[in-house]
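The values are calculated or read from the model by the stated rules, or taken from the named source; none is laboratory data. Please read all numbers here as calculations on a predicted model, not as lab measurements. Cβ atoms come from the backbone with ideal geometry, glycine included; neighbour counts cover every protein chain shown.
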C-alpha cells in the first residue's frame, strides 16, 4: 500500500458544493498531510452534472489528487452497505494506508460509514480522533475522545474519523481557486450502487410531540415552571 | 431470532430499559451485555428488565481495554449463543463498535432507531434522516442486523423485573487497535441531569456566559452548549448537545440564546419540558419549546440570579407550576 491519505467528502446533490461538515474533514486531512508529508487524495461520489465543480472545490482545499466517481443514481438512495461497497472499491483503487471519513455527513446521518468500511476491509478504525501524533513503521498513534481522552496505537492501514468541531476549515483564497482550475481530477463512472440490504420503505414527517409554544412573560415564571417540573415526582 | 442487547458508556437504568424494550419488541430471545468501567468492579450487579432475559453479563474490564477488545467479546458471545442480531444503546463507544461489527459481518446497520417492529421475516426500524427533517422506515431481513437505539426510544412500558447479571472478563489484546493510556477529562453528567441549561451563541454574543453558568450552579443543573460554542473553543465537546454530540432527556431543558437548528434540536427532543429564552420571538427554538420568554439575556439573566438569591426563592418551590 502507498503512503497516501484518502479523504472522502460529501458533495451536495443540490449545488455541487462540499458538505459543510466535510470542510472540517478536509481540514483534518490537510493537517495530517502536512504532519506526515504524505500525498492527500480527495474522493467523492457525485451526480454527473457536478463532476467539474466538485473537483475544483476539492482541489481548492489543498488536496494533491482528486478521484471523482460520478453516477446517475441518486447518491442518497444507497444504504450503508451499498455506499460502503462503492467506497471500498475506491479505497482499493487508490491503495492509501490512511482513509478519512467525516463524522455524519457522508452517509445521510447514519454516523457509521467509516467504521463499516473499516470492518469490511479489515482495516483498523479510530473514531472521534482529536489528534494524530504520527506514523512509525506499520503503526499510527492518535488521540481519541470517548468518555475520556485515550491514546491509541493502530496497525495500518487505518480508517480515521476526526471530531469535526476541532478542525475548523481555513479560508479558501482566490489564488487557491485559480490553482484548482488548472488541476485535473481522475474521473470514473461509478455506475449504479450495489443492491441495498436495508431498504427505505417509507418516509414522512417526524412524529414529534407537539409542544405548547406558550409565551411566558416574566423571569419569575421561568423559574416557577422549571423548578416546579423538576420537583414533580422527585 | 436471538438478540444481543449491548449497553456501553455510562450506565443508566432508564437507557438500558429503553434498549431492552426495543429488543423485546422484536424478539423473546434476548441476551444483555453491559460495559461500563465504573460498574465492572462491583461485586454484584443487576438490571431492571421489561422481559425475561435469557442471560446477561457485566463485562469486567482490565485497564485500557480498547473498543476492539469489547467487539471481540460481543462476537464471542454471539457465536457461543447462536445470536445474529445486535442492538446497541446510544453512546459514542456503541457507535464505534457497532459500525465495525456490522462491516465485518456484512450485515445491515441502522442507527438512531426510534421505533422498531417485526413484520414476518423483516424488521422495520424508524430513524430520522436528512438532518432530522424526515423520519424514514427501513426494512431489514431478520437473519442478521445491527441497530443503534436512540435515547428516548418509544417502547411499551412493562413491569420491570430485576435480573442479576453474571460477570465476564474482557482481556486486553494486542490487536489491531491498542489503548496506550487514558486521561480523565472534565466530567459532565448531561445525560443523567434532571435539569439542563443550554448555552447558545446568543449567550456568547450578549457576554452573559459567566451568568449562565452561575445560574446552572444555583439551580443544581448541568449545562451544555451548542456546536458553535465548541467550534469557537469556548466550551469542551463533552458539553456539546446535538446530532453528533450528547442527546439528553432531562425533565427540564432551559435554552438560553439558542436559535434552534435541526442539529441541536436532535439532541434535546426527548426533554420533558423545554423552556426557551430568546430575544427573537420567531426563532425556531421558541417555536419548538413548551414555554418561551422573549427577552435580552443581558436583562433576563441578572434578574433570574437575583430572584434565586433573594429571600423569596422558597416561594418558587411551593408555587403551582403552570
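Quick check on residue B:85: is it buried (at least 24 other Cβ atoms within 10 Å of the Cβ), closer than 30 Å to residue B:241 by Cβ and in the same structural domain as residue B:140 (by TED's automatic domain parsing)? Spelling it out, it is not the case that residue B:85 is buried (at least 24 other Cβ atoms within 10 Å of the Cβ), closer than 30 Å to residue B:241 by Cβ and in the same structural domain as residue B:140 (by TED's automatic domain parsing). Within region B:266-287, restricting attention to residues that are at pLDDT below 90 and within 21 Å of residue B:112 (Cα to Cα), which residue is surrounded by the fewest Cβ atoms within 10 Å (Cβ to Cβ)? It comes out as B:270. The condition (being assigned to a strand (DSSP E or B) and at pLDDT 85 or above) is satisfied by just one residue among B:179, B:230: B:179. Return yes when residue A:132 is more than 10 Å from chain B (Cβ to nearest Cβ) and in a loop (DSSP other than H, G, I, E, B) and no when it is not. Answer is no for this residue. Looking only at residues in region B:137-147 that are facing another protein chain (nearest Cβ under 7 Å) and crowded, with 19+ Cβ neighbours inside 10 Å, the one that is nearest to the chain's Cα centre (by Cα) is B:138.
Residue B:235 fulfils the conditions (1) within 29 Å of the chain's Cα centre (by Cα); (2) in contact (Cβ under 8 Å) with a residue 24 or more places away in the chain; (3) not in a loop (DSSP other than H, G, I, E, B) except for a single criterion, (3). Looking only at region B:207-221, residues that are touching a strand residue (DSSP E or B) at 6+ places or on another chain (Cβ under 9 Å) and outside any loop (DSSP other than H, G, I, E, B) come to 7 in all. Residues that are over 24 Å from the mean Cα position of the chain (by Cα), part of a helix (DSSP H, G or I) and either under 26 Å from residue A:162 (Cα atoms) or within 14 Å of another protein chain (Cβ to nearest Cβ) (or both) within region B:76-108 comprise B:104, B:105, listed in sequence order. For region A:192-200, check the following and say yes or no: at least one residue is within 27 Å of residue B:92 (Cβ to Cβ), more than 7 Å from every other protein chain (Cβ to nearest Cβ) and in contact with a helix residue (DSSP H, G or I) (Cβ under 6 Å, 6 or more places away or on another chain). Checked region A:192-200: at least one residue is within 27 Å of residue B:92 (Cβ to Cβ), more than 7 Å from every other protein chain (Cβ to nearest Cβ) and in contact with a helix residue (DSSP H, G or I) (Cβ under 6 Å, 6 or more places away or on another chain). The residue of region B:266-287 that is farthest from residue B:129 (Cα to Cα), among those that are more than 9 Å from chain A (Cβ to nearest Cβ) and touching a helix residue (DSSP H, G or I) at 6+ places or on another chain (Cβ under 6 Å), is B:278.
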